[in-house]
Amino acid sequence: MWFGLPIGVIPAVDILGDGAVRLERGSYEDVVERAGDPVALATRWVEAGARRLHLVDLDGARGGPLRPELVREIAALGVLVQASGGIRSLDDARALLDAGADRVVVGTAAWPDPARWLELGDSLVLAVDVLDGVVRTSGWTRSTGLTLAGHSSARREPASWSRRSTVTARSPVPTSSWCEPPRWDAA
């Protein structure tokens, strides 16, 4: 519980090119770690007990094509997949859901009004990226002018927001060994 609300911790597999990576504060130019094959990293997370993975296609987020085949391969490991990166249309979202994702994360394409995405129901997660308290889109490059407090207020209006959202705030993060998943109870 966090602030009286249930939260879930979902390990992420970020993909740039053909490999899993970790970026410094979201900067594509600052790859701080490389984990090799994304399916191998996903396998390690599943073996450690992960029930769901957050798959981030960084190339897709910058304008590249979707990779439903990668979603399919990771979903075949027997883990729920929350797919993100490059989802620009409802057809894109459906292609990833058809490939085996149980959720899709929509960021830039959801702004300024996420209402058209609501038909995806519980399969939709709205992404809110925040830099200095302001919601950003387009890979952190554009400001929406909406503050995180504004998002929080709008979040209380069920007609305009999905049931789930994810907030990523850029801040320094320790560069400990993120490639080795921790062990936790599967209870």
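Numbers at a glance
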{"read-out": "Virtual spin-label span in nm between S89 and V39, 7 Å along Cα→Cβ", "value": "2.8 nm"}
{"read-out": "Label-to-label distance, nm, for residues given as L131 and V32 (7 Å Cα→Cβ offset)", "value": "1.7 nm"}
{"read-out": "In the stretch 69-126, the trypsin sites (Lys or Arg not before Pro) that fall in loop regions by DSSP, at most 16 other Cβ within 10 Å", "value": "R88"}
{"read-out": "Placed amide H near A12: partners under 5 Å, 5+ positions off or other chain", "value": "H54"}
{"read-out": "Backbone N within the stretch 83-110 under 15 Å of label point (7 Å from D122 Cα along the Cβ vector)", "value": "102-104"}
{"read-out": "Chain lengthening between D98 and A76 when straightened (0.36 nm per residue, less Cα-Cα)", "value": "6.6 nm"}
{"read-out": "Per-residue Cβ neighbour rank within 10 angstrom, fewest leading, T108, T43", "value": "T43, T108"}
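Since every read-out is calculated from the coordinates, none of them should be taken as a lab result. These numbers come from a predicted model, not from an experiment. Glycine gets a Cβ as well: all are built from the backbone with ideal geometry, and neighbour counts include every protein chain shown.
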